[in-house]
1. Residues in segment 11-23 that are farther than 11 Å from A87 by Cα and within 16 Å of the ligand (Cβ to nearest atom): how many?
2. Any residue that is of a type in the set (S, T, N, Q), over 30 Å from T63 (Cα atoms) and open to solvent by 50 Å² or more (accessible area, probe 1.4 Å) - is there at least one of those in segment 157-172?
3. Among the residues of segment 65-76, which ones are touching a residue at least 60 places away in the same chain (Cβ under 8 Å), aliphatic (A, V, I, L, M) and either in contact with a helix residue (DSSP H, G or I) (Cβ under 7 Å, 6 or more places away or on another chain) or open to solvent by 20 Å² or more (accessible area, probe 1.4 Å) (or both)?
4. Go through segment 23-77 residue by residue and tally those that are within 21 Å of M1 (Cα to Cα) and assigned to a helix (DSSP H, G or I).
5. Among the residues of segment 93-123, write down those that are over 9 Å from the mean Cα position of the chain (by Cα), crowded, with 18+ Cβ neighbours inside 10 Å and more than 10 Å from the ligand (Cβ to nearest atom).
6. Given the options L64, L73, name the one that is at pLDDT 95 or above and more than 25 Å from W110 (Cβ to Cβ).
7. Can you go through T62, T11 and tell me which one is open to solvent by less than 70 Å² (accessible area, probe 1.4 Å), among the β-branched types (V, I, T) and closer than 23 Å to A147 by Cβ?
8. Filter segment 24-36 down to residues that are under 15 Å from A55 (Cβ atoms), among the aliphatic types (A, V, I, L, M) and within 16 Å of the ligand (Cβ to nearest atom), then give me how many there are.
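The values are calculated or read from the model by the stated rules, or taken from the named source; none is laboratory data. Owing to the predicted nature of the structure, the values given are computational and were not obtained by experimental measurement. Note that we place each Cβ from the backbone using ideal geometry, even for glycine, and neighbour counts take in every protein chain shown. The accessibility values were calculated without ligands, DNA or RNA, using every heavy atom of the protein model including side chains. Shrake-Rupley method; radii C 1.70, N 1.55, O 1.52, S 1.80 Å.
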Amino acid sequence: MHLSPSYPIETERLLLRPLSPDDVDAAHAYMSRPEVTAYTPYEPRSREEVAARFADPKFTRTTLDAEGQFVFLGIVVKETGQLVGDALLAWHSELHRSGEVGYQLHPDHWGRGYATEAAREMLRLGFEDLGLRRIVARIDEDNPGSAAVLRRLGMRQEAVLVENEWFKGRWSTEVIFAMLDREWRDLSGGA
Ligand SMILES: CC(C)(COP(=O)(O)OP(=O)(O)OC[C@H]1O[C@@H](n2cnc3c(N)ncnc32)[C@H](O)[C@@H]1OP(=O)(O)O)[C@@H](O)C(=O)NCCC(=O)NCCS
């Protein structure tokens with residue numbers, strides 16, 4: 001199994017591409033926002049923290065060749081060239097052919113379907129190009145905007161883990177969504 005896309009990946013309105021140190025300011029503009037990090041496992045990041053992340057080859061890799069790796073791609077609006085968020089495809093297991101998607105957007109760009117469009121492409125990369133069989137997304141139950149993205153993608157809500165994590169000063173209930181490759185094929189009309 002191997003993933004080696006040609007970048008930028010083009011969708012209807014977006015370009016997805018690996019992030020680089022040149023993106024630090026645009027990424028800091030959303031990674032520093034409390035409304036963006038409220039349901040993610042990190043606090044708002046300083047510019048230095050964002051820069052350190054982008055200097056780490058783990059976060060700027062362009063291909064996947066072993067389980068445990070992930071591609072973390074910037075979401076760029078084609079029309080303006082602006083970086084407005086990022087989307088992740090993580091490869092968890094080669095044996096189980098399993099992975100996970102995630103995404104975050106600058107709040108100025110919520111409400112336009114960009115997260116759904118980017119995450120749909122991450123599912124396509126995972127199922128069609130890498131050959132995954134099962135992809136999950138894990139969210140906090142207090143994040144209905146993210147649940148709506150996953151439902152729009154056609155992912156099934158599979159599990160509710162009640163108060164399973166101490167998260168930012170409270171017990172968080174985690175909701176797991178999933179999709180199988182055959183469900184992806186049915187939804188995307190593929191062979
Ligand atoms: C989760 C998050 C990405 C959702 O953002 P979002 O803007 O609601 O999601 P989308 O970009 O897919 O946009 C969907 C909205 O745009 C609307 N929309 C407008 N044009 C659209 C189009 N062409 N296609 C799809 N939806 C469109 C939809 O109706 C929907 O609005 P609604 O929720 O009022 O019905 C955003 O809240 C976020 O970044 N949160 C912080 C990070 C986070 O929590 N990430 C998830 C952690 S697992």
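1. Total meeting the criteria: 5.
2. Yes, the conditions are met somewhere in segment 157-172.
3. As a first pass, look at segment 65-76 and keep what is touching a residue at least 60 places away in the same chain (Cβ under 8 Å): 65, 71, 73, 75-76.
Among the residues that remain, those that are also aliphatic (A, V, I, L, M) are: 71, 73, 75-76.
Across segment 65-76, the qualifying residue is only I75.
4. Within segment 23-77, residues that are within 21 Å of M1 (Cα to Cα) and assigned to a helix (DSSP H, G or I) number 3.
5. Answer for segment 93-123, where residues must be over 9 Å from the mean Cα position of the chain (by Cα), crowded, with 18+ Cβ neighbours inside 10 Å and more than 10 Å from the ligand (Cβ to nearest atom): R97, S98, G99, E121, L123.
6. L64
7. Matching residue, one of T62, T11: T11.
8. Residues in segment 24-36 being under 15 Å from A55 (Cβ atoms), among the aliphatic types (A, V, I, L, M) and within 16 Å of the ligand (Cβ to nearest atom): 2 in total.
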